[in-house]
């Protein structure tokens with residue numbers, strides 16, 4: 001009986017040592033686990049390649065997704081937004097990712113029709129560039145571009161009378177109907193034309209057979225009419 005007790009105590013001591021070693025190993029493994037770090041940033045569906053009106057916010061807010069090296073979403077990461085081209089603005093210079101790793105901002109396009117770009121960046125250097133296209137706003141101005149104050153032989157055809165339609169930011173506005181009317185003398189090649197991609201619409205006239213002044217108006221929608229004069233000699 002006296003010989004068995006020491007062996008029992010030795011066994012208990014061995015088990016305790018093994019348990020302690022196991023705890024130490026677990027502690028060592030957990031301490032060596034790399035912390036989650038925001039390493040990637042990507043545009044969420046629908047955020048890139050939008051089209052909107054110049055000087056206005058895009059129809060959909062911009063949203064990006066931030067993840068770690070294992071593609072796990074990262075919350076509370078700071079995203080810095082910078083307008084790269086186009087002259088627009090964002091609703092905030094930075095935003096913070098939510099629980100699903102997403103950060104959003106509202107992007108207002110610049111005043112010039114065409115491409116706009118926006119960069120979303122993380123402190124660690126990763127970034128993504130988003131793109132948008134600005135289109136002209138509503139027609140705001142119609143102006144005489146060329147063809148006014150011509151002098152041509154009576155009864156002959158004129159050079160084109162050209163009117164240009166632009167928005168409030170001076171961007172050309174396409175597909176605007178321009179109505180042409182004779183005030184005196186002229187015969188028109190058309191009574192209605194549509195502006196092209198450069199915002200221009202035109203007609204020609206045939207001057208009256210008798211020498212004198214030919215007056216023609218051009219009206220784009222509800223904008224004030226413009227008047228062209230062509231003198232028949």
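Taken together, the values in this text are just the output of simple stated rules run on the coordinates, not laboratory data. All values reported here derive from a predicted model rather than from experimental measurement.
Here are the numbers for the structure shown:
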{"read-out": "Whether region 141-232 is rounded, prolate or oblate, judged on the alpha carbon gyration tensor where a/c under 1.5 counts as rounded", "value": "prolate"}
{"read-out": "Kirkwood Rh in Å, taken over all unlike Cα pairs in the chain", "value": "23.5"}
{"read-out": "Rounded to 10°, Cα long-axis angle of helix 4-31 versus longest principal axis of the chain", "value": "10"}
